[in-house]
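Quick notes on the structure that follows.
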Amino acid sequence: NAGVTQTPKFRVLKTGQSMTLLCAQDMNHEYMYWYRQDPGMGLRLIHYSVGEGTTAKGEVPDGYNVSRLKKQNFLLGLESAAPSQTSVYFCASTGTFTDTQYFGPGTRLTVL
Amino acid sequence: AQSVTQLDSHVSVSEGTPVLLRCNYSSSYSPSLFWYVQHPNKGLQLLLKYTSAATLVKGINGFEAEFKKSETSFHLTKPSAHMSDAAEYFCVVSDFSGGYNKLIFGAGTRLAVHP
């Protein structure tokens with residue numbers, strides 16, 4: 001039982017490049033989330049999903065897209081990376097009848 | 001809307017002395033409150049959770065937090081700090097106002113523990 005995993009752990013991009021971050025959970029959770037963490041700002045919600053095939057915008061969605069084609073996976077895409085997207089990205093998941101979220105180990109992204 | 005304020009961005013203590021990390025919250029209903037810990041270059045780990053069953057909540061690694069509705073506070077304490085407690089701590093409130101489960105994070109408190 002791995003919990004929540006994220007791929008990759010680190011990535012360096014040049015401005016304008018694209019990439020996809022993968023989040024996987026093996027707890028059969030309905031809800032999945034993508035956050036970004038910036039110094040002094042805690043975690044901010046980018047996008048979330050309440051079930052397979054559904055996604056919605058969070059607090060800071062601009063410049064990101066997501067997809068949830070399978071219940072266990074939640075993908076975060078950057079179509080044209082910008083230096084302002086340099087951050088640490090965390091994925092989380094939770095079940096239907098709880099509000100406790102379980103977090104992945106994070107992906108550190110640098111955009112040059 | 002729910003919100004969380006962590007009153008100290010940095011706290012420094014000596015090993016073996018008490019730890020106090022302060023958190024105030026704002027909520028229009030009785031919320032769930034959490035403390036998460038993040039060790040350097042690691043993910044977030046749940047320390048403890050308040051869900052109205054008891055106002056004093058015990059968590060992992062000797063931490064506990066007390067929910068005080070009259071003061072809208074949820075401060076995190078530990079009687080005796082250990083070097084391994086050095087980390088960043090986040091106070092978090094749950095929010096269902098948008099029709100889904102959302103967490104609102106405080107800005108974090110970085111705890112330093114000195115020998």
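Miscellaneous remarks
- Placing unit charges on the Cβ atoms only, positive for Lys and Arg and negative for Asp and Glu, gives the protein assembly as shown a dipole magnitude near 340 debye about its Cα centre.
- Compared with the rule-of-thumb size 2.2 N^0.38 Å for a compact globular protein, segment A:1-109 has a Cα radius of gyration ratio of 0.99.
- If you wrap the protein assembly as shown in the convex hull of its Cα atoms and look at it from every side, the mean projected area works out to 12.5 nm².
- For segment B:34-74, radius of gyration divided by Kirkwood radius, i.e. Rg to Rh on alpha-carbons: 1.04
- Within the assembled protein chains, the solvent-accessible surface assigned to B:R110 is about 110 Å², based on a 1.4 Å probe.
- Packing order of peptides A:41-47, A:51-57, highest average first: A:41-47, A:51-57 (average count of other Cβ atoms within 10 Å over each peptide's residues).
- Kirkwood hydrodynamic radius of segment B:10-63, Cα pairs, Å: 13.3 Å
- Peptide B:103-109 has a mean of 5 when you count, residue by residue, the C-beta atoms of other protein chains within 10 Å of its C-beta.
- Per-residue SASA entry for B:S14, accessible area with 1.4 Å probe, Å² rounded to 10: 60 Å²
- Oblate is the label for segment B:36-115. Its Cα gyration tensor axes, ordered a ≥ b ≥ c, give a/c of at least 1.5 and b/c at or above a/b.
The values are calculated or read from the model by the stated rules, or taken from the named source; none is laboratory data. Quick caveat: nothing in here was measured; it's all calculated off a predicted structure. All Cβ positions, even for glycine, are placed from backbone atoms using ideal geometry, and neighbour counts span all protein chains on display. We work out accessible area using only protein heavy atoms, side chains counted, and drop any ligands, DNA or RNA first. Shrake-Rupley method; radii C 1.70, N 1.55, O 1.52, S 1.80 Å.
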